[in-house]
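Student: Could you have a look at this structure, given as C-alpha cells, before my questions?
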Amino acid sequence: MKAKDISEISHLSVPEKILFIEDIWDSIVSHENEVPIPESHKEELDKRFEKHLKSPGELLSLKELQARVESRK
C-alpha cells in the first residue's frame, strides 16, 4: 500500500502528515516483538559492540562525524 492510495492523506498538511506518521510509528512500536530483525543487523551490532569493548574511548567528535558523512556524498 502506498500513501497515494489513501486519498485522505494527500489532503493533509505537512504538519498533519508528520503527526499521522508519529501515530503509525507508535502503533508499530507497541508491537516491536513482531518486527523481525535481520541476522545481518544482529551481526553488525555484535561487531560494533565488540569493537567498543576493545577500545571504549575511541569516539568521533561531531565535527569528525560530519566530515566523514560529507566525504561520502
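Student: Tally up the residues in the range 25-64 that are among the β-branched types (Val, Ile, Thr) and surrounded by 10 or more Cβ atoms within 10 Å (Cβ to Cβ), please.
Tutor: Count: 1.
Student: Continuing with this model, one more query. Of the conditions (1) assigned to a helix (DSSP H, G or I); (2) loosely packed, with under 10 Cβ neighbours inside 10 Å; (3) not acidic (Asp, Glu), Met1 fails just one. Which one is it?
Tutor: Every condition holds for Met1 apart from (1).
Bear in mind that the values in this text are calculations on the coordinates, not laboratory data. Quick caveat, the model's predicted, so the values are computed rather than measured. Note: ideal-geometry Cβ built from the backbone for every residue, glycine included; neighbour counts use all protein chains shown.
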